[in-house]
Amino acid sequence: MPRNFEANPKLRELSRELRKNMTPEENKLWYQFLRNYDAHFSRQRVIGNYIVDFYCRRANLVIEIDGAQHYEHDEIEYDKKRTEYLKTCGIDVLRFLNKDINYNFENVCVYIDKIVKRRL
């Protein structure tokens, strides 16, 4: 698995703040599923010049939880650029909407589990 990325040290403090102030949906996914998942996930991880919501190194997988701001033009372009960068690092990205976490949580967890197991 390629590891051709370096974390921008200037983003470390911001990632710490984001960990302390996760959204309700990020908290739910973390505390009710990913925190104790067999394949270790880290939260608010710096990869290159980006901070991702959740990252599993073993599976080379990022999970992003998208709120309403991700529908704005600038955010769509930013997310696209970030996803392209992550792909050059050999990392795939799973995206879920806040409403997926709030109203379809069990299926989200089953899907994540399926993808992680496939990638391992």
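In the range 1-53, what trypsin sites (Lys or Arg not before Pro) fall in a loop by DSSP, with at most 14 other Cβ atoms inside 10 Å?
Values: sites: ARG3, LYS10, ARG12, ARG16, ARG19, LYS20, LYS28, ARG35, ARG43, ARG45; in loops: ARG3.
In loop regions of the range 1-53 (DSSP not H, G, I, E or B), the sparsely surrounded trypsin sites (Lys or Arg not before Pro) are ARG3.
Take TYR31 and THR88, extend 7 Å from each Cα along the Cα→Cβ direction, and tell me the distance between the two endpoints in nm.
So the two model labels end up 3.8 nm from each other.
Could you size up the charge dipole of the chain around its Cα centre, putting +1 on the beta carbon of Lys and Arg and -1 on that of Asp and Glu, and report it in debye to the nearest 20? Don't skip to the answer; put the middle values down first.
Details: 22 positive and 19 negative charges, 133 e Å.
Approximately 640 debye in magnitude.
How would the chain be classified by its alpha-carbon gyration tensor: rounded, prolate or oblate, with rounded meaning a/c under 1.5 and the a/b versus b/c comparison settling the rest?
Rounded shape, in that the Cα axes give a/c under 1.5.
For the chain, compute the number of Lys pairs whose alpha carbons are separated by less than 21 Å, excluding pairs fewer than 8 positions apart on the same chain.
So the count works out to 9.
Summing +1 for each Lys or Arg and -1 for each Asp or Glu, what net charge is found among the other residues whose Cβ lies under 14 Å from the Cβ of ASP100? Write out the running numbers ahead of the final one.
Numbers: positive: LYS28, ARG95, LYS99; negative: GLU25, GLU26, ASP53, GLU64, ASP66, GLU106.
Result for the local shell: -3.
Is it possible to state the helix-based mean residue ellipticity at 222 nm for the chain, with each DSSP H run of 4+ residues giving -39500 (n - 2.57), the sum divided by total residues, to the nearest 500 deg cm²/dmol? What is it? Walk me through the intermediate numbers first.
Values: 5 runs with 55 residues, N = 120.
Helices in the chain give a 222 nm mean residue ellipticity of -14000 deg cm²/dmol.
Within the chain, what's the longest run with no GluC sites (Glu not before Pro) in a DSSP loop and at most 16 other beta-carbon atoms within 10 Å? Give the range, please.
Working: sites that count: GLU6, GLU72.
It runs 7-71.
Using a 7 Å offset from Cα along Cα-Cβ at ASN49, what residues in the range 80-120 end up with backbone N under 18 Å from the label point?
80-90
Most fluctuating residue of VAL110, VAL52, VAL93 in a GNM of the chain with Cα springs under 10 Å: which is it?
Ranking VAL110, VAL52, VAL93 by mean-square fluctuation puts VAL110 first.
Every number in this text was worked out from the coordinates using simple rules, so none of it is lab data. Please read these numbers as outputs of a predicted model, since none were measured by experiment. Every residue, glycine as well, gets a Cβ built from its backbone with ideal geometry; the counts of neighbours run over all protein chains shown.
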